[in-house]
Amino acid sequence: RKVLNDLLVPIVVVGISGWYSTGKSSLLNCLIGKNAGGFPVGENCEPCTAGMWLWGAPIWTTMPDGQEVAVLFVDCEGLGATHNTETIDAQMFSLILLLSSHILFNSGKMEDTWPEHLSALS
């Protein structure tokens, strides 16, 4: 909470969602410049992220118009994990959409049924 209260510039929230075990945490680690010590990454196909995780420090950047902004990254538990129900997936997906200024959707292992899954989430 203190991190957010201390920010005196506009905040950009970048959230990521997508199917479980498709590299969402690894992608965010690349974006924040952390090869190690970033968001936890699993070493196998078991889901690693539970719930939503906010990276602890903003990444400062300047927009093309010269305005300085603080970018916050939010990692979200993967969709379609065997321990989750469609209701939990829909709640997680809805929450990340509501919290984020920009959303990255990793469709890494799309199946023929992914449109139905997405329509159930919306």
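Quick check, is Gly78 surrounded by 11 or more Cβ atoms within 10 Å (Cβ to Cβ), under 12 Å from Ser17 (Cβ atoms) and modelled with pLDDT under 75? No, not satisfied.
Is there a residue in region 11-27 that is among the polar types (S, T, N, Q), exposed (fewer than 11 other Cβ atoms within 10 Å of the Cβ) and at pLDDT 85 or above? Taking every residue of region 11-27 in turn, none turns out to be among the polar types (S, T, N, Q), exposed (fewer than 11 other Cβ atoms within 10 Å of the Cβ) and at pLDDT 85 or above. Cβ separations smaller than 7 Å between residues 6+ apart or across chains give the following pairs from region 46-59 residues that are at positive phi to residues that are at pLDDT 70 or above: Gly51/Glu77. Do the conditions hold for Leu7, that is, is it surrounded by fewer than 18 Cβ atoms within 10 Å (Cβ to Cβ) and modelled with pLDDT under 90? Yes: the conditions hold for Leu7.
The values are calculated or read from the model by the stated rules, or taken from the named source; none is laboratory data. Only a predicted model underlies this, so the values are computations on that prediction, with no experimental measurement involved. Using ideal geometry, Cβ is built from the backbone for each residue, glycine included, and neighbour counts are taken over all protein chains shown.
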